[in-house]
Structures are given as C-alpha cells and as structure tokens.
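A short write-up of the structure that comes next.
The numbers here are math on the coordinates, done by the rules we state, and not lab data. All values reported here derive from a predicted model rather than from experimental measurement. Here Cβ is always computed from backbone atoms with ideal geometry, including for glycine, and neighbour counts include all displayed protein chains.
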Amino acid sequence: TITVVQGKGTIMYTPLEQYGGEGGHTDARTDIYALGATLYTLLTDYPPPHAKARFLNPSVLKSPREVNPKLSRQVSNAVMWAIEMHPDDRPGSAQQFQEALQGRAQPPANSNGEYAVEGVTDILRANWPALIVAFGLLIVAVILTVL
C-alpha cells in the first residue's frame, strides 16, 4: 500500500492539520499558522521549515530572533506561538495574535518553556534596581563581617 500525503497550500506555510485526508479539522488557528509563517519569512528573509520536517525534527526551526537579532523578543515569541505545531498551542484568534505582536499579551510558555526564557541582559535590565540594592547589602555585610 502506498500512502501519499499532500498538503493543501504552499508547503512552508501549511500547518500539519492540512496534510492528509479530507477529515482534517481547520479553523482560525490554521490561518494564524499561515500568517505566522509568512511573518517569519518576512522578518528573517527565510521561510520556516515545513511542518512535516518540523514534526520529524523539531530542532530544525530557529526562532526569528535567532535568525534576525534585531527583532524584539515579543515579536519573535508571537511568531513562534503562531507557528506551533498543534493548533491548541497557537493563538485562538487574530486579535490574540495581534496583542502578542504588540506586546499587550504574553504568549504562554510552550512545552519547552521557550517563551519564558529571557537572556541575561534582559534579566539584568528588568531587575537593575533590585540588583543594586542586593549588591549594596552584600558590601555592607562584607564590611560588617570584617569589622
């Protein structure tokens, strides 16, 4: 038996649920995947790996920010959210996706926690007042210990 799996649409912009028989369920999240993949291409100058390749090897997809470091973390995370493999892991509406792109909503962390991870620079920038206080207290503790 030979089974031919053909997606409906341009392969790099087609989510996994559009592959296979006529019984696949599509909805707004399918369109959000296609939009996210289109944005990925526009922001990185490279199309994302197609869904079948990502299913077999999830590590082939780099975040848009890895490809284009000039992108903000919020835009990169929003695009990655839009092109999640499973429809339930994508934004449920175009409005939700728009809010994530604009930074008015935070994409939930995926199973790997990718969206929750911040770089050391971002952490230091966000917490500099607390770090200064902690450093000051450390200096005071060292001075009191020596005396």
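For the range 56-61, 3J(HN,Hα) computed residue by residue from phi via the Karplus equation (6.51, -1.76, 1.60; θ = phi - 60°) reads 6, 8, x, 6, 6, 8 Hz, glycine and proline entered as x. Here the Karplus relation 6.51 cos²θ - 1.76 cosθ + 1.60, evaluated at θ = phi - 60°, turns the backbone of the range 62-71 into coupling constants of 9, 5, x, 6, 5, 7, 10, x, 6, 6 Hz, with x for every Gly and Pro.
Stretching the chain fully between Thr41 and Ala141 yields a gain of 30.7 nm (0.36 nm per residue, less the alpha carbon separation). Mean separation of Cα pairs under 8 Å and 6 or more residues apart, divided by the residue count, gives the range 17-106 a relative contact order of 31 percent.
Each label point was placed 7 Å from the Cα along the Cα-to-Cβ direction; for Ala94 and Glu66 their separation is 3.0 nm.
Across the range 35-43, rounded Karplus estimates of 3J(HN,Hα) from the backbone phi angles (6.51 cos²θ - 1.76 cosθ + 1.60, θ = phi - 60°) give 5, x, 5, 5, 4, 3, 5, 5, 7 Hz, Gly and Pro being marked x.
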